Amino acid sequence: SARVDPSEQPESTARSIAIVLQSLTAGLAGSLHRVDPAARPAVLARAVRDASSGLAVHLCGVSHVDPASATAVRAYAEALAAAPGGLGAVAVEDEPRALLLTRAARAALHGLPPERIRAEGEGLVRHALFGLAEVHAWAAEAGATLDGAERVPLSPTLARHLRGEGVLWGLEQAEAAEAAEELGARVACLGGTPAPPPHVPLLTRLAYWLRVRALDPGHDERSPAELHVVASNRALAEVAPSAHEAVLLRKDAHFAAALRTVCADAARAGGEPPPAVLAVVGATHVEGIAERLQAGDGTPRNSVRAV
């Protein structure tokens, strides 16, 4: 994985120690608060107008590990399709390769209860991916041969959530694409080639854990509720500025630039009233994308890919 510049490490360590000491009492107290999962919203929804095209963009901020987000995304798409102007496009956070894999995994696990997914999910997903010609082609590009489904690699994040909770990480991305196709809307991928995440030392992770719970007692990492999202983004910015830049700010700018391209294409397609665009992204990206779209922030429009 990417490494932090060694010259930044002393400053980062000092910052983490200071935040641990500052937030220790409040953070531990905040961790004792309990939030009722039943009160957790399915998505963080925000509608804004793209300053470049004038189109309405509906940002649907999701939790990648909550199946309720997937259900809400489909309902949101159906509501927009039924409204005046209709639904012109659905943009998902995934890059095209990841979306293909997630859709295959979704089909393999569809209708299974969590206990079955915990027990059999990894095998079922590997078998489904083994049946994709694209997976074999990508393996060949990497100099590998897949001689059985058990040889198909799964990302650690995907495997962990299949085994631990019986959920498919990113299910809402596949659900959004499926809904778009059923509703006759374009599917667009906002993501580029994934960059390796920055290395975050254990001390920095502890500082973040304490700081976010000091800011937001009872912090729910799975919730897309605005209170939790704001606390998460603020804590990350305070504790690990380089990670905040890499995993949040740069992605916000990239997603906003790609969305402007989607909006421009939808606007050129015409229609009166003009169609809406639905963007399905992690909840932590909603505010940053919204600010950039409304400001007409002008990053080059060359980052979106259609599916």
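Observations on the structure shown:
- Amide H to amide H distances under 5 Å link Glu95 with Gly191, where only residues 5 or more positions off or on other chains count and H is placed in the peptide plane.
- Positive contributions from Lys and Arg (+1) and negative ones from Asp and Glu (-1), summed over other residues with Cβ under 9 Å from the Cβ of Val212, come out at +1.
- Relative contact order %, the chain, counting alpha carbon pairs below 8 Å whose residues are six or more apart: 36
- Under 5 Å from the amide H of Ala45 lie the amide H atoms of Gly61, each residue being 5 or more positions distant or on a separate chain, with H modelled from the backbone and absent for Pro and chain starts.
- Rounded to the nearest Hz, the phi-derived 3J(HN,Hα) couplings of segment 38-47 under the Karplus curve 6.51 cos²θ - 1.76 cosθ + 1.60 (θ = phi - 60°) are 5, 8, 6, x, 6, 8, 10, 9, 8, 9, where x marks glycine and proline.
- Segment 102-158: relative contact order as a whole-number percent, Cα under 8 Å and 6+ apart: 32
- Surface/4 estimate of mean projected area, convex hull on alpha-carbon atoms of the chain, nm²: 17.3
Only the coordinates and a few stated rules stand behind these numbers; no lab work does. Note that the structure is predicted; figures quoted are calculated from it, not measured. All Cβ positions, even for glycine, are placed from backbone atoms using ideal geometry, and neighbour counts span all protein chains on display.
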